[in-house]
1. Measuring from a point 7 Å out along Cα→Cβ, what nm distances, shortest first, does residue A:214 have to its partners in the other copies?
2. Taking the Cβ-Cβ separation of residue B:114 and residue B:81 as r and a Förster radius of 45 Å, what is the calculated FRET efficiency to the nearest 0.05?
3. Rounded to the nearest Å, what's the spacing between the alpha carbon centres of the stretch B:76-151 and the stretch A:80-149? Just the number, please.
4. What do you get for Rg/Rh over the stretch B:44-140 if you use C-alpha atoms and the Kirkwood form of Rh?
5. What is the average number of partner chain Cβ atoms found within 10 Å of a Cβ in B:118-127?
6. Suppose we consider the axis relating copy A to copy B; can you name the residue of A with the nearest Cβ and state that distance in angstrom as an integer?
7. Find how much the distance from residue A:55 to residue A:128 grows on full extension, using 0.36 nm per residue of separation minus their present alpha carbon separation; answer in nm with one decimal.
8. How many nm is it between the label spots at residue A:96 and residue A:43, if each spot is 7 Å from the Cα in line with the beta carbon?
Protein chains: 2
Amino acid sequence: MATQADAAARSRTPLSRQRVLDTAVALADEGGVDALSMRRIAQALGVVPMALYKHVANKDELLDGMIDVVVGEVDPPAGGTDWKTAVRQRILSARRMLLRHPWAAGVIESRTKARTTPTPAVLAYLDSMIGVFRAGGFSIDLVHHALHVMGSRLLGFSQELFEDRPGGEPDPDAPAPEEMAARYPHITELAMAVAHDRDSVVGSGCDDQFEFEFALDLTLDGLDRLRARS
Amino acid sequence: MATQADAAARSRTPLSRQRVLDTAVALADEGGVDALSMRRIAQALGVVPMALYKHVANKDELLDGMIDVVVGEVDPPAGGTDWKTAVRQRILSARRMLLRHPWAAGVIESRTKARTTPTPAVLAYLDSMIGVFRAGGFSIDLVHHALHVMGSRLLGFSQELFEDRPGGEPDPDAPAPEEMAARYPHITELAMAVAHDRDSVVGSGCDDQFEFEFALDLTLDGLDRLRARS
DNA sequence: ACCTGAACACCGTTCAAGT
DNA sequence: ACCTGAACACCGTTCAAGT
């Protein structure tokens, strides 16, 4: 009975809030946040479901804790460089975190909407980001504008509408190529141009990393122009 | 028995996919998407839960249908103007839709992630948006870049991290002002500057609409500069 | 053939009973 | 005082029994 042995081995390490959160993050990474349940976390820890409630008040508080775990993985701002390099590196670090934890952007968004204040780690992230802008000579008003301009990109999130699905089954109820071309001519034109331009890139034929940095740089250059003018 | 009469009156109008979707959208508008269940929709329609499955295959397909209902509310692109005005007006129309249906951005995002293709209405929205760029003289490559730059803003979504909560109870476990100031000095500085600057604005002291248009215009000007250069 | 009640396999969380 | 099994009030969906 390997399962019982595993459970015994696990229960030798005492349960802690950190262990609960780490397990929850690992399960969400594997199976997505929809498949994450208190019962399943308990099972993975070899523990009865109610034992979790000693370390987290309820599921919402668990999700808040998970947010703080992953936001804590984002690199702090680099010192000794100009503001633009520091912001750029940090946002790219946040993006890497979100690629590691695909569920995080959605959870951060929905939990932030439900709370009055972002979670502590998100607050700390924003605060040090503002600090970089301020140290770079931005007026407080311009920082305010800048945060709005960055929007969700501040957390490295970019909404990919045509991302390839892992596994890549053709999906039975997807529209046929001819129908796509007839109904959505502009999308088709664009998709073909992209496929032709970037033959070497695997997957969707679109270099997401390049596009992300292109968008990021355009925004940063615009902000820098405003900064120089003030 | 008013309830029974209501149910009878409702069931006189035959159930249809449109009526199911409209009811679901209305319930989500009122109570949020978390409180939306097949059982609750059925109850609102005075119908047994299983009756819904004649008109929608399952809950995911219901959510897809709801997306198409609300995206269909976005104005089509205005004709007879320059590309920038047309894009601007359309994005502002999408933003108004999302303010009417606060659950929509999250559902669009999560459902798009789960499907291989965006829902038909989202495809149509994107297609006509691309059409506006193309008619405005954008090369296909530049349109491709532009879509990435707009990102989620293309659907009018902007992530507001410090939105005031309706009802405005002080929230017992929110950090005290002194603690906020000590731990997050830059956020506090910014919040105070904003509050001082815009005394007249009700609520958070931050004019969301102005900020949204500021960000939008910065992005559009950047794109226009690239367009003129090519 | 159509409709639907009961049932199944879940879920988060309460609570009282056991140690 | 601590821990936990059973129970409660849900959920989406299957399926067989009723019309």
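1. Listed shortest first, these distances are 2.8 nm.
2. Working: r = 36 Å, r/R0 = 0.81.
Efficiency for this residue pair is about 0.80.
3. Cα centroid to Cα centroid, the span is 25 Å.
4. Working: Rg = 16.2 Å, Rh = 15.1 Å.
In the stretch B:44-140, Rg relative to Rh is 1.08.
5. Numbers: counts 3, 0, 3, 0, 1, 7, 3, 0, 6, 9.
Mean shielding count: 3.
6. Rotation axis A onto B, closest Cβ, rounded to whole Å: A:222, 2.
7. Values: separation 73, 0.36 × 73 = 26.28 nm, distance 2.88 nm.
Additional length available on full extension: 23.4 nm.
8. 3.4 nm
The values are calculated or read from the model by the stated rules, or taken from the named source; none is laboratory data. Everything quoted here is computed from the prediction, not taken from an experiment. Neighbour counts run over all protein chains shown; Cβ positions are idealised from the backbone, glycine included. When the accessible area is computed, the model is the full protein with side chains, heavy atoms only, and any ligands, DNA or RNA have been set aside. Shrake-Rupley method; radii C 1.70, N 1.55, O 1.52, S 1.80 Å.
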